[in-house]
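Quick one: the structure is below, questions incoming.
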Amino acid sequence: MDLDAVRNSYARWAPVYDATFGRITHAGRRAAVRHINDRGGHVLEVGVGTGLSLEAYDRAVRVTGIDYSEEMLRKARARVARHDLNHVGSLHQMDARTLDFADNTFDMVAAMHVLSVVPEPEAVMSEIARVLRPGGQVIITNHFKHERGVWAGLARAAAPLENLLGWHSDFEIESVLQDPRLRVIERRELPPMSMMTLLVLEKRLN
C-alpha cells in the first residue's frame, strides 16, 4: 500500500470513521488503554486518528499522538478542545516510518488498528522500538490474517481492494514481530468474534 493511497483513503473515511471502523475497533482500543492506564507514564499513540481513545486515558497518563492524515487530526484536536483533555500534550502530523522524536523518549507506545494501514510496517515497528525506552511496552491491537474460517474467506475477498479500503485484510502478524529489540509478553484474541488480536511487546533492557 502506497502513501498516496493511505492519504486518499483516510480523507474519504474521516467524516464517517467514528461511526464505522470506530465502532468495530472499540473493544481493541478499550483493552489497550486499560493496559496503559494500569502502568501510567508517557505514551505515544501512533495513528491517533480522530482521537477516539483520548478520553479513555487516565488523566495521570501523558499522551502524545501522531497521524499522517490531517483530516483525522483536525477531528482529534477538536475532540481535545471540546472535552478539555489536558493530559493530551500534543498531536502531530507525522509519517510513522520517520518519527521526529529522540531515542528512548516514551514509556509506552500504542498502535491501535494502524499497522495494517501503513506502508512498510516493519519500518514503523523499528521506529517504535527506537523511541521506546528499555523496559517499556508496545501495545498493539490489530486484525491479522486468519488461516481458516469466515475471517480468512473475507480477507481473501477484500485483498484486491486494499488501496480503496485503506487497510491490508490479509496482514501477517510476523510483520510486527521482527524487531529483535522487542519480545512478546502477551497475545490474546479480542471481540468481535476473535476478529482482532491484542499484543504486548516489551523492549529488552540490553
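The values are calculated or read from the model by the stated rules, or taken from the named source; none is laboratory data. This structure is a prediction, so every number in the text was calculated from the model and none was measured. Reconstructed Cβ throughout: ideal geometry from the backbone, glycine too, with neighbour counts over all protein chains shown.
One line per residue, one yes/no per condition, for (1) among the β-branched types (V, I, T); (2) modelled with pLDDT of 95 or more; (3) in a loop (DSSP other than H, G, I, E, B):
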{"residue": "H168", "(1), (2), (3)": "no, no, yes"}
{"residue": "F171", "(1), (2), (3)": "no, no, yes"}
{"residue": "D179", "(1), (2), (3)": "no, yes, yes"}
{"residue": "I185", "(1), (2), (3)": "yes, yes, no"}
{"residue": "E189", "(1), (2), (3)": "no, no, no"}
{"residue": "M193", "(1), (2), (3)": "no, no, yes"}
{"residue": "V200", "(1), (2), (3)": "yes, yes, no"}
{"residue": "N206", "(1), (2), (3)": "no, no, yes"}
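Given L91, L73, L44, which one is surrounded by 14 or more Cβ atoms within 10 Å (Cβ to Cβ), modelled with pLDDT of 95 or more and part of a helix (DSSP H, G or I)? Step through it out loud before you land on a result.
Values: L91 fails: part of a helix (DSSP H, G or I); L44 fails: part of a helix (DSSP H, G or I).
Answer to the selection: L73.
Something else about it: Does any residue in segment 49-66 that is on the phi > 0 side of the Ramachandran plot come within less than 9 Å, Cβ to Cβ, of a residue that is hydroxyl-bearing (S, T, Y) six or more places away or on a different chain, and which pairs are these?
From residues that are on the phi > 0 side of the Ramachandran plot, the pairs are G49/Y10; G49/Y17; G49/S69.
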